[in-house]
Amino acid sequence: MMSETAEQVRESASEPSLRRDLRDLSFEELEKIVAESGEQPYRARQIAHWLYRRGVDSIDAMRDLPAALRAFLKHNFKISPFAVAAVHRSGDGTRKLLMRLADGEEIETVIIPADSRVTLCMSSQAGCAMRCGFCATARMGLHRNLTAGEIIGQIFAARLELAEGEEITNYVFMGMGEPLANYPRLLQTLRAMTSPWGMGISPRRITVSTVGLLPMMERLLADTSVNLAVSLHATTDEVRSRIAPINQRYPIRQLLDTCAKLPLKRRSRITFEYVMLSGVNDSPADARRLVKLLAPLRAKVNLIFFNPFEGAGFSATGRPAVEAFQAILHKGNLTATIRESRGRDIAAACGQLYAEHRSAD
Ligand code: SF4
């Protein structure tokens, strides 16, 4: 990311709409701005503390900064408020937030309580270019990448929706967008989430899910210690190319060979996501092929119930067939969990709330 010096920002002293969001700056940029405004280096940590620990949405709230520094920041930067356009609450506790960004784009963020965990499912792009056949977001196409501030802002907006005593325990990048297609901003966000100067979240609590952008998978595991999930969804190239067109660029063999070489941390495994589509990828033969394909890897499988949406063109595999599929995986010594479908009553498929909201506008 280009760095902007204090001199440059002073020159562009600016229209609110032209000011950069403070949460879009890397920590190094914050340090540079502080140094060039003549302040002590520790002020950068103070600013980061207000942004990422306290989650303030105004520069005035940064009370321990000198008035001159606050004035300088206010003149040149902003903290964009996050407008929650709609919240849909499911009977099972799932809450789906539709956020409206400054330019009118809308993204989804989902709070999913299950067992003793509360997982936040975050978006990395407005829309998505990956064209997966079973995904409502794919129908939007890619509108744009989210900024780091917009990605991390979802956490602060979601926190306001939590019940008393409820806390987010896990963070997954499985919302709108392909996170590795927005890599620089994803990395900046992950740094702000996991660094001591940022939110201090353990990387083990964060999972980045990809449909399989191979070169970026290697970079992610070299640059961070977060968990990786790969959307596999099929056991033959013919089927995978149909439901996840990225497979035409990176076929299954190449994907799994890359996974085998990834620098996994000790005891960690790659999660393979597998959405169960009736009559498409859910046969016993598929289960046996999956066992063979994943046998050489440190892998586990999440079997996901498909959440149908209008015009999807797929239907969900029923529970007995999902359990029979899981049993074959277990027999082949492959760890497999069934991900219960959450929030079915609130348009739970990724991109579905957006689509419904737009059609109601
Ligand atoms: S499943 Fe994920 S990668 Fe595929 S189109 Fe939907 S948002 Fe994009």
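Points to keep in mind about this one:
- Test: residue in region 169-179 that is within 16 Å of the ligand (Cβ to nearest atom) and in a helix (DSSP H, G or I): yes
- For region 325-339, the criterion of being modelled with pLDDT under 95, closer than 30 Å to GLY141 by Cβ and either more than 23 Å from the chain's Cα centre (by Cα) or not small (Gly, Ala, Ser) (or both) is met by at least one residue.
- Residues (of a type in the set (Gly, Ala, Ser) and either touching a Phe, Trp or Tyr at 6+ places or on another chain (Cβ under 7 Å) or away from the ligand (no atom under 15 Å from the Cβ) (or both)) located in region 91-132: GLY91, GLY93, ALA102, GLY104, ALA114, SER116, SER124
- Residue-level check: of (1) over 16 Å from ASP24 (Cα atoms); (2) away from the ligand (no atom under 16 Å from the Cβ); (3) in a loop (DSSP other than H, G, I, E, B), PRO81 misses just (1).
- Of the residues in region 265-288, none is surrounded by fewer than 18 Cβ atoms within 10 Å (Cβ to Cβ), under 17 Å from GLY212 (Cβ atoms) and among the aliphatic types (A, V, I, L, M).
- Yes/no for MET122 being surrounded by 19 or more Cβ atoms within 10 Å (Cβ to Cβ), in contact (Cβ under 8 Å) with a residue 40 or more places away in the chain and over 16 Å from the mean Cα position of the chain (by Cα): no
- Any chance ASN247 is part of a loop (DSSP other than H, G, I, E, B) and crowded, with 16+ Cβ neighbours inside 10 Å: no
- If the condition is being away from the ligand (no atom under 13 Å from the Cβ) and either assigned by TED's automatic domain parsing to the domain that holds ARG54 or assigned to a helix (DSSP H, G or I) (or both), then region 134-161 contributes ALA148, GLY149, GLU150, ILE151, ILE152, GLY153, GLN154, ILE155, PHE156, ALA157, ALA158, ARG159.
- Residue in region 273-284 that is small (Gly, Ala, Ser), modelled with pLDDT of 95 or more and more than 28 Å from the chain's Cα centre (by Cα) present: yes
- Selection from region 235-266 of residues that are under 20 Å from ALA138 (Cα atoms), among the small types (Gly, Ala, Ser) and more than 22 Å from the chain's Cα centre (by Cα): SER241
- If you go through region 180-212 and pick out every residue that is more than 16 Å from the ligand (Cβ to nearest atom), hydroxyl-bearing (Ser, Thr, Tyr), out of contact with any Pro (no Cβ under 6 Å at 6 or more places or on another chain) and outside any loop (DSSP other than H, G, I, E, B), you end up with 1.
- Verdict on ARG23 being touching a Gly at 6+ places or on another chain (Cβ under 6 Å), of a type outside the set (Val, Ile, Thr) and either surrounded by 19 or more Cβ atoms within 10 Å (Cβ to Cβ) or under 28 Å from GLU166 (Cα atoms) (or both): yes
The values are calculated or read from the model by the stated rules, or taken from the named source; none is laboratory data. As the structure is a prediction and not an experimental result, all values here were calculated from the model. Methodologically, a virtual Cβ is constructed for each residue, glycine included, from the backbone with ideal geometry; neighbour enumeration extends over all protein chains shown.
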